Amino acid sequence: MRSLALPAALSVALAACAHSPKPPPPAPIPVNPPTIAFESVNVEGLGFLGVSMSFRARVENPNATPISIVRVDYTLDVEGGRAASGALPLSLALEAAGPAGPAATSLLLPVELRFAAVPGIARVLALDREAAYALGGSVTFLTPYGEVRVPMAQDGRIVVPRSPRFHVEKVILRSASPREVALEMRLDVLNPNDFPIPAGRIGAGLLLSNKEVVRADVEIPEPIGGGATAAVHVPIRISVLKAGKAAARLLIPFSSLDVAVKGEAVFGGVPVPLDLATTILPGG
């Protein structure tokens, strides 16, 4: 009989545990969440390297006790890619709501956007139009009962620079021997913006019969003013031994040869793709 009494006592104990009351959930903070409504966004500075923006929002406190804003956390996406993020500590007081309604204050959030940090910025600049942005994050309020975080969101469109324009009118054959071919290329870089673009560099390959026969790197030592064009002279030397059959075409008399110039220009860390078609002409 003792061997049966122990399981019976155990089952009674388990049943008692199963019906014991669960601890109550923590009491909610007795604070109504403040409201955040964006009113405007201003572009305070635009250049080829980035843009300075400021977001202004109206914040209302519906509670009968004063509260304060202590922190703003934000993210900024441009054309779907994360472009900036940060946190702004604040000490901004909001009075208690009164008979006339909630107390209100204005919140200003400055954001510095650097185009070199924007994923796929070359594609964005090539759009030749405004870019879509999405601001997200939260505002942290300090209340008599603790901190309260309220999400915020705003989207719209911002002006971005236009991509520089590149043009190669022709490539001149200066000399050719069984060992080396010397060419000279003039590359024009047009800045279509009203503001200057910084000094930069260009790295590109010359393709003949769809094969890259040589790569060239050249510096653009001075900024290019708004609406101005910079002429870049690129000397090119092709090793016939390394380039093989493609370069051998330059050793045979010709009237013109179609070639491609592909690579990338970089201005202040902002990349711009280079994809051009041109012609090699015999020089004098």
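Filter the chymotrypsin sites (Phe, Trp or Tyr not before Pro) in region 97-201 down to the DSSP loop ones having no more than 16 other Cβ atoms within 10 Å, then list what survives.
Numbers: sites: Phe115, Tyr133, Phe141, Tyr145, Phe166; in loops: Tyr145.
Counting only loop positions with at most 16 other Cβ atoms within 10 Å, the chymotrypsin sites (Phe, Trp or Tyr not before Pro) in region 97-201 are Tyr145.
To the nearest ten degrees, helix 2-18 and the longest principal axis of the Cα atoms of the chain are 70 degrees apart. Each residue of region 74-85 was assigned a 3J(HN,Hα) from its phi angle through the Karplus expression (A = 6.51, B = -1.76, C = 1.60, θ = phi - 60°), giving 9, 10, 9, 9, 10, 6, x, x, 5, 10, 7, 7 Hz with x at Gly and Pro.
A full extension of the chain between Ser255 and Tyr145 corresponds to an added length of 31.2 nm, given 0.36 nm per residue minus the alpha carbon distance. Based on a Kirkwood Rh over C-alpha pairs, give the Stokes-Einstein translational diffusion coefficient of region 190-274 at 25 °C and viscosity 0.890 mPa s in µm²/s. Stokes-Einstein gives a translational diffusion coefficient of 169 µm²/s. Amide hydrogen proximity for Ile220: with H placed 1.01 Å from N in the peptide plane, the residues at 5 or more positions away or on another chain lying under 5 Å are Gly200, Arg201, Ile202.
Would you be so kind as to identify which of Asn193, Val261, Ile238 lies farthest towards the positive end of the dipole of region 182-284, taking Lys and Arg as +1 and Asp and Glu as -1 on Cβ and the Cα centre as origin? So the residue furthest toward the plus end is Ile238. For the chain, the tally of Lys pairs with Cα-Cα distances below 30 Å comes to 9, considering only residues 8 or more apart or on different chains. Listed values for region 149-158 are Karplus-derived 3J(HN,Hα) couplings in whole Hz (6.51 cos²θ - 1.76 cosθ + 1.60, θ = phi - 60°), namely 9, 10, x, 9, 7, 7, 9, x, 9, 10, and x replaces Gly and Pro. At the residue level, Thr140 shows approximately 10 square angstrom of accessible surface with a 1.4 angstrom probe and all protein chains present. The list (1) 30.3; (2) 21.4; (3) 24.3 gives values of mean projected area of the Cα convex hull in nm², and only one came from this structure; which label was calculated from it? Read-out taken from this structure: (1). Simple rule: put +1 on each Lys or Arg Cβ and -1 on each Asp or Glu Cβ in the chain, find the dipole, and look at Asn210, Gly47, Pro282; the Cα lying farthest toward the positive end is Asn210. Residues in the chain average 56 Å² of solvent-accessible surface per residue, probe 1.4 Å, ligands and nucleic acids excluded.
The values are calculated or read from the model by the stated rules, or taken from the named source; none is laboratory data. As the structure is a computational prediction, the values presented were derived from the model and not from experiment. So basically every Cβ, Gly included, is an ideal-geometry build from the backbone, and we count neighbours across all protein chains shown. All accessible areas refer to the heavy atoms of the entire protein, side chains included, with ligands and DNA or RNA removed. Shrake-Rupley method; radii C 1.70, N 1.55, O 1.52, S 1.80 Å.
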